[in-house]
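The values are calculated or read from the model by the stated rules, or taken from the named source; none is laboratory data. Predicted model only: the values in this text are computed from it and were never measured. Positions of Cβ are generated from backbone atoms using ideal geometry, with glycine treated the same way; all protein chains shown enter the neighbour counts. The protein model used for the area step is the full one, side chains on, heavy atoms only, and it has no ligands, DNA or RNA in it. Shrake-Rupley method; radii C 1.70, N 1.55, O 1.52, S 1.80 Å.
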Amino acid sequence: MVTRMARKSGLVGALLLCVVAALAQTVLPIDRQATKRTKALYKNLQRMAQKGFMFGHQDDLAYGTAWKYEKGRSDIKDITGDYPLVYGWDLGHLEIDSPVNLDSVPFALMQQLIKTGYQRGGVITISWHLNNPLTGKSAWDAAPGTVTAILPGGTHHQVYTAWLDKVASFMQGLKGKRGEYIPVIFRPFHELNGNWFWWGGSHCTPDEFTALWRFTVSYLKDIKQLHHLLYAYNTDRFSSQDAYLAKYPGNDYVDIIGFDIYQRNSPNEQFMADADTMLTHLEGMAAKHQKLPALTEFGGNNNDSLWWTNTLLPLLDRHRVAYALAWRNAGAKPNGEFEYYVPYKGHPAANDFLNLYNNDKTFFQKDVRKKKLYK
Ligand code: BMA
């Protein structure tokens with residue numbers, strides 16, 4: 001028999017749960033002037049992360065392994081009849097006034113496709129493989145002293161702010177039908193603990209990196225007055241929370257924390273164990289710092305036709321991330337590589353991808369009514 005007391009304490013417990021749930025949903029963007037829709041998006045990302053994860057894909061609407069610039073097409077749609085919920089784009093080469101980005105996507109088309117994705121109710125995230133402002137070479141040109149050269153007082157500071165001005169105008173051009181700004185998860189200086197980019201690893205000190213990050217956020221938010229951005233901080237693979245946070249710019253400068261992980265040739269068990277550890281760390285840090293966790297980029301095992309439901313799904317089922325973004329389906333590249341991270345029509349894993357799509361824990365476009373994430 002349930003006693004009155006037990007009923008009461010059950011009620012109190014339920015009430016407490018509601019309070020905790022409500023509190024868990026009250027994290028606001030770092031930008032106190034964030035637009036209504038940006039705040040709503042951040043809130044809804046937090047809400048939906050309790051139930052599953054949003055599926056994302058880089059350059060999804062621009063090209064697939066076997067096509068380019070076909071209106072309405074998507075490799076994901078070819079298989080599932082639906083679009084991803086998160087659309088990744090990259091601004092690399094915008095800074096040098098190139099009409100196309102580093103992967104040949106015309107910026108004018110990108111802007112259009114961002115609007116298309118948003119109008120369907122999708123989420124936009126933008127990374128930036130910016131060239132090295134000191135040498136003018138690529139993002140992979142890790143010339144020593146680049147970060148100090150572009151910080152305030154550095155020899156190339158103005159080069160960098162001029163580049164940020166271009167990013168700001170691109171962002172300012174992202175508007176919906178009513179003239180409202182389209183919220184964007186901006187993810188600059190990604191994979192910051194790796195040594196391959198000029199801003200990464202040993203190429204700058206923690207102080208230099210955090211100064212660069214804080215300057216960048218303040219410049220876009222306070223000088224350029226952009227209030228439709230959420231900021232994502234992300235490393236590559238990492239070994240501990242201390243390692244992850246070694247260059248963390250602070251809670252006032254970050255909305256989302258994530259990491260990038262590629263399985264490459266490692267066995268599924270190894271990948272799962274590695275990712276499990278990192279996701280556990282990420283969740284711990286997210287709870288402690290009141291930030292939203294995300295798998296900001298991933299790539300799995302293309303040769304395993306059951307990878308999606310046997311590896312990725314159980315992994316993300318055990319953890320909480322707002323979204324997981326698969327990298328681009330570049331297809332055949334000039335260097336002879338055939339690069340892709342989601343199956344395409346006819347691929348042996350296409351059916352398994354469809355099973356992932358049909359799982360309750362994964363959110364694609366149709367799972368979210370138009371504009372629902374922005375209210
Ligand atoms: C890498 C590869 C490259 C691409 C770069 C930036 O992972 O996909 O082909 O140029 O990302 O998008």
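Applying 1/(1 + (r/R0)^6) with R0 = 25 Å to the Cβ-Cβ distance of Glu339 and Thr205, what FRET efficiency is obtained, to the nearest 0.05? After rounding, the FRET efficiency stands at 0.15. Charge dipole of the stretch 149-296 (Cα centre as origin; +1 on each Lys and Arg Cβ, -1 on each Asp and Glu Cβ, all else neutral): 640 debye, rounded to the nearest 20. With the biggest extent put first, the Cα atoms of the stretch 228-375 measure 46, 38, 33 Å across the principal axes.
When the chain is described by a simple charge dipole with +1 on each Lys and Arg Cβ and -1 on each Asp and Glu Cβ, the residue from Pro249, Ser98, Leu45 located farthest towards its positive end is Leu45. In the chain, the ratio of gyration radius to Kirkwood radius, Rg to Rh, stands at 0.97 when only Cα atoms are counted. The DSSP beta bridges internal to the chain are antiparallel in roughly 15% of cases.
Site pair Lys71 and Asn359 shows an inter-label distance of 3.6 nm when each label is modelled 7 Å from Cα along Cα→Cβ. Note on the chain: dipole from Cβ charges, positive end direction compared against His347, Ile114, Leu279; the farthest Cα belongs to Ile114. Computing the accessible area with a 1.4 Å probe over protein heavy atoms, can you report the carbon and sulfur percentage for the chain? Ligands and nucleic acids excluded, carbon and sulfur give 54 percent.
Could you state, as a whole-number percent, how many of the C-alpha pairs of the stretch 142-220 are farther apart than 14 Å? So the pairs more than 14 Å apart make up 66 percent of the total in the stretch 142-220. Solvent-free Debye calculation, one equal scatterer per alpha-carbon of the stretch 243-288: log10 I(q)/I(0) at 0.15, 0.17, 0.21, 0.28 Å⁻¹ equals -0.47, -0.58, -0.78, -1.09. A protection proxy built from the mean count of other Cβ atoms within 10 Å ranks the segments 146-154, 315-323, 239-247, most packed first, as 315-323, 146-154, 239-247.
Among the protein heavy atoms, those of His281 account for about 40 Å² of accessible surface (1.4 Å probe, every chain in place). Accessible area per residue for the stretch 61-149 is 34 Å², calculated with a 1.4 Å probe on protein heavy atoms, without ligands, DNA or RNA.
Taking all pairs of distinct Cα atoms, average 1/r, flip it, and tell me the Kirkwood hydrodynamic radius of the stretch 175-223 in Å to one decimal place. Kindly include the intermediate steps, with their values, before the conclusion.
Numbers: mean 1/r = 0.0789 Å⁻¹.
The Cα-based Kirkwood calculation yields 12.7 Å.
Partner aspartates and glutamates whose Cα lies under 16 Å from the Cα of Lys51, excluding those fewer than 8 positions away in the same chain, are identified as Glu283, Asp317, Asp360, Asp367. The stretch 41-90 and the stretch 268-291 have their alpha-carbon centroids 23 Å apart.
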